[in-house]
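Q: The structure is given below, and queries will be raised subsequently.
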Amino acid sequence: MLIKSSYRDVPTKANGKEGTIRIYLIGPHLPDYPQAKFPGCVVFSEIYQVTGPVERFAGNIASEGYIVALPSSFHEFEGPEAIPYDTEGTDRGNKYKIEKTVEGYDEDATLSVDLLTSLPNCTGKIASTGMCLGGHLCAFDPRVLATFCYFATDVHSATLGKGKSDDTLIKIKNGDLSGKGEVTMVFGKQDTHVDRNGRSLIRDTLDEAGVPFSFLEVQAQHAFIRDESSKGRWDAALTRSLFGTMMELFTRTVARDLGPKVGGGAKLEHVC
């Protein structure tokens, strides 16, 4: 499916400060079907904002028939341009991610979903994904029906946000994710950013809270889906396989209109 790109500059007011966030949009381009509608998907980037690899990842989702919104995460500190994949850029992104407030991250997630649901060609059914920094940030929004997270960092250590005050696990324990969308978490077992104990903490917290989730641990390092400047960590075959897994989740949860959910799920019967 052909796609096209645009962007919207959206007002922000987190922490009592007025500003603007640029949210990039990539969606299907079907001029012969002007009334076509598509589900939406929010893609959160790494600490480098919307880079080439992130845009290509989002473009692949859009070509499957989704309108994709990509927020520029560090709009409080600089423009929407991509931050370089070099030492200075890495230091800058890591600095920003603990200077930006949790309230600011939450507002970015809400504004991205708001934008998608306001579009006349969006069905209002929303999924979310992302890598490293914020793939999980939209999961708490009740409008988001599915979330697929690649190596979500700083969740287990609660070190995202100003003062390293991330409250993701606290919110899950309080039931803020219960009764909402389905979640899939993917981690590389060689990822030095999220060790075995950290992965176990995230998995056990989700399980104890009764969240519908899948938890995948794969033979990979951090940033294994990044096809540029990955420092030798990119695994193209694994990336392709997991993209299919993600699209299965999205197709099952947001791509079709199944009507309201009734009951606690169908009883599975063994059939020979």
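Q: Restricting to region 85-117, give me the number of residues that are in contact with a Gly (Cβ under 9 Å, 6 or more places away or on another chain), assigned to a helix (DSSP H, G or I) and of a type in the set (Val, Ile, Thr).
A: Counting residues in region 85-117 that are in contact with a Gly (Cβ under 9 Å, 6 or more places away or on another chain), assigned to a helix (DSSP H, G or I) and of a type in the set (Val, Ile, Thr) gives 3.
Q: Right, another one. With (1) open to solvent by 50 Å² or more (accessible area, probe 1.4 Å); (2) assigned to a loop (DSSP other than H, G, I, E, B) as the list, and residue 145 as the residue in question, which single condition is left unmet?
A: Single failed check for residue 145: (2).
Q: Let me ask another. Evaluate the following for residue 101: is it open to solvent by 50 Å² or more (accessible area, probe 1.4 Å) and of a type in the set (Ser, Thr, Tyr)?
A: No.
Q: Of 161, 210, which residue is open to solvent by 10 Å² or more (accessible area, probe 1.4 Å) and either part of a loop (DSSP other than H, G, I, E, B) or closer than 23 Å to residue 243 by Cα (or both)?
A: 210
Q: Now, a different point. Residue 213 - would you say it is touching a Pro at 6+ places or on another chain (Cβ under 8 Å) and not hydroxyl-bearing (Ser, Thr, Tyr)?
A: No.
Q: Let me ask something additional. Being crowded, with 21+ Cβ neighbours inside 10 Å, assigned to a strand (DSSP E or B) and touching a residue at least 40 places away in the same chain (Cβ under 8 Å) is the requirement here; does residue 153 meet it?
A: It is false that residue 153 is crowded, with 21+ Cβ neighbours inside 10 Å, assigned to a strand (DSSP E or B) and touching a residue at least 40 places away in the same chain (Cβ under 8 Å).
Q: Hey, can you tell me all the residues within region 5-22 that are at pLDDT below 95 and open to solvent by 80 Å² or more (accessible area, probe 1.4 Å)?
A: Residue satisfying the conditions is 17 alone.
Q: Also: Please go through region 185-207 and give me each residue that is open to solvent by 60 Å² or more (accessible area, probe 1.4 Å) and under 24 Å from residue 138 (Cα atoms), ordered by number.
A: Once the filter is applied, which keeps residues that are open to solvent by 60 Å² or more (accessible area, probe 1.4 Å) and under 24 Å from residue 138 (Cα atoms), region 185-207 yields 193, 195, 201, 203, 204, 207.
Q: Now, a different point. From the list 123, 129, which one is hydroxyl-bearing (Ser, Thr, Tyr), open to solvent by 20 Å² or more (accessible area, probe 1.4 Å) and under 28 Å from residue 36 (Cβ atoms)?
A: 123 is the lone residue from the list that is hydroxyl-bearing (Ser, Thr, Tyr), open to solvent by 20 Å² or more (accessible area, probe 1.4 Å) and under 28 Å from residue 36 (Cβ atoms).
The values are calculated or read from the model by the stated rules, or taken from the named source; none is laboratory data. In this text, all values refer to a predicted model and were calculated from it rather than measured experimentally. No Cβ is skipped: glycine too gets one built from the backbone with ideal geometry, and neighbour counts run over all protein chains shown. Just the protein is used for accessible areas: all its heavy atoms, side chains included, with ligands, DNA and RNA removed. Shrake-Rupley method; radii C 1.70, N 1.55, O 1.52, S 1.80 Å.
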